[in-house]
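Visitor: I am attaching a structure below and will ask some questions about it afterwards.
The values are calculated or read from the model by the stated rules, or taken from the named source; none is laboratory data. What you see is a predicted model, and the numbers here were worked out from it, not measured in a lab. No Cβ is skipped: glycine too gets one built from the backbone with ideal geometry, and neighbour counts run over all protein chains shown. Each accessible area value is taken on the protein alone, full model and side chains, heavy atoms only, with ligands, DNA and RNA left out. Shrake-Rupley method; radii C 1.70, N 1.55, O 1.52, S 1.80 Å.
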Amino acid sequence: MPVFAWPIRVYYEDTDLSGVVYHANYLRFLERARTEWLRALGFSQERLKDEMGVAFTVAGMEIDFRRPARLDDLLEATVALEGRKRASLNFVQTLRRADDATVVLTQARVRVACVSMATFRPCALPGGIFAATEA
């Protein structure tokens, strides 16, 4: 699958006193990009919950903070599907400044599990998502 990219602007509320993005907000940026990746495939979180009875939850994450993002930066968050199993998806995600895509600010490996809304236990990916993520 091609790499998906989503623009994100750093606002004052995203930063600490020094004007650098607070570490927990990088996770929000990555989450937004995965949500938009899913939407680009034709699936909204709301539809998955209401019509299919499933949700995605982060099951594991490894993150490297390499360089700081700062107030007013325009970032590009990328989502690359690295692998999938019956009930989970593995991603490599990056955050870069939009004006210098050669420098990675943050890189993460993220594993999300598909869970049943009724039991919150792992369940199979809906067929449409499984088909849409075939290489």
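Visitor: Could you tell me what a quarter of the Cα convex hull surface of segment 44-108 works out to, in nm² with one decimal place? Provide the component values of the computation, followed by the final result.
Guide: Details: hull surface 23.3 nm².
With the hull built on Cα positions only, its mean projection is 5.8 nm².
Visitor: Hey, another quick one. At 1.4 Å probe size, with the rest of the protein present, what percent of the exposed accessible area of segment 13-135 is carbon and sulfur atoms?
Guide: Values: 3280 of 6690 Å².
After summing per-atom areas, the C and S share lands at 49 percent.
Visitor: For segment 41-135, what is the accessible area per residue in Å², given a 1.4 Å probe and the full set of protein chains?
Guide: 54
Visitor: Give the calculated FRET efficiency between residue 130 and residue 99 to the nearest 0.05, with a Förster radius of 41 Å applied to their Cβ-Cβ distance. The partial results should precede the final answer.
Guide: Details: r = 37 Å, r/R0 = 0.90.
Once the sixth-power term is evaluated, E becomes 0.65.
Visitor: As I understand it, the value is the acute angle between the Cα axis of helix 23-40 and the longest principal axis of the Cα atoms of the chain; what does it come to in degrees, rounded to 10?
Guide: Approximately 50 degrees, to the nearest ten.
Visitor: Taking all pairs of distinct Cα atoms, average 1/r, flip it, and tell me the Kirkwood hydrodynamic radius of the chain in Å to one decimal place. Kindly include the intermediate steps, with their values, before the conclusion.
Guide: Numbers: mean 1/r = 0.0643 Å⁻¹.
For the chain, inverting the mean 1/r across all distinct Cα pairs yields 15.5 Å.
Visitor: At 0.36 nm per residue, and after removing the present C-alpha to C-alpha distance, how many nm does the segment from residue 50 to residue 35 gain when stretched out fully?
Guide: Computed gain between residue 50 and residue 35 is 3.8 nm.
Visitor: Quick check on segment 1-75: what does the Kirkwood estimate of hydrodynamic radius come out to from the alpha carbon pairs, in Å?
Guide: On the way: mean 1/r = 0.0706 Å⁻¹.
Hydrodynamic radius (Kirkwood, Cα only) of segment 1-75 equals 14.2 Å.
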